[in-house]
Amino acid sequence: MKKITLTLATATLLGGFALGAGAASAASMPVNSLQADQSGITQVQMMRGDRMMMKKRMMHKRMMRHHMMKKRMMHRM
C-alpha cells in the first residue's frame, strides 16, 4: 500500500513540475522579447561608505563566529 501511495505521489509531483516548466517556458518567451528594449534596470557603482559598512559587517560576523567557535571549544575541555 505504501509503495502505491509513494508512486502516485511521485508521479503527481513530476507531472506538476513538467506542466509548470512547460507553461513557464511558453509564457516567458513573449515577456522577455518585450522587455529586451525597455530595460528599466541600470547598474550603479557602490559608494565608498556603503562598501565600508558592508566590510565592517562582514568582519563583525566573522569575528563573532570565531568567538562562538572558540567558546564552544573551550566548553568541551
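The values are calculated or read from the model by the stated rules, or taken from the named source; none is laboratory data. From a predicted model like this one, the values you see are computed outputs, not experimental measurements. Quick reminder, even Gly has a Cβ in these numbers, built from the backbone with ideal geometry, and neighbours come from all protein chains shown. SASA here: full protein model, heavy atoms, side chains in, ligands and nucleic acids out. Shrake-Rupley method; radii C 1.70, N 1.55, O 1.52, S 1.80 Å.
Across Ile41, Ile4, the residue with the most accessible area heads the list, and the full order at a 1.4 Å probe is Ile41, Ile4. Return the FRET efficiency for the residue pair Arg51, Met74: r is the Cβ-Cβ distance, R0 is 22 Å, and the value is rounded to the nearest 0.05. Efficiency for this residue pair is about 0.05.
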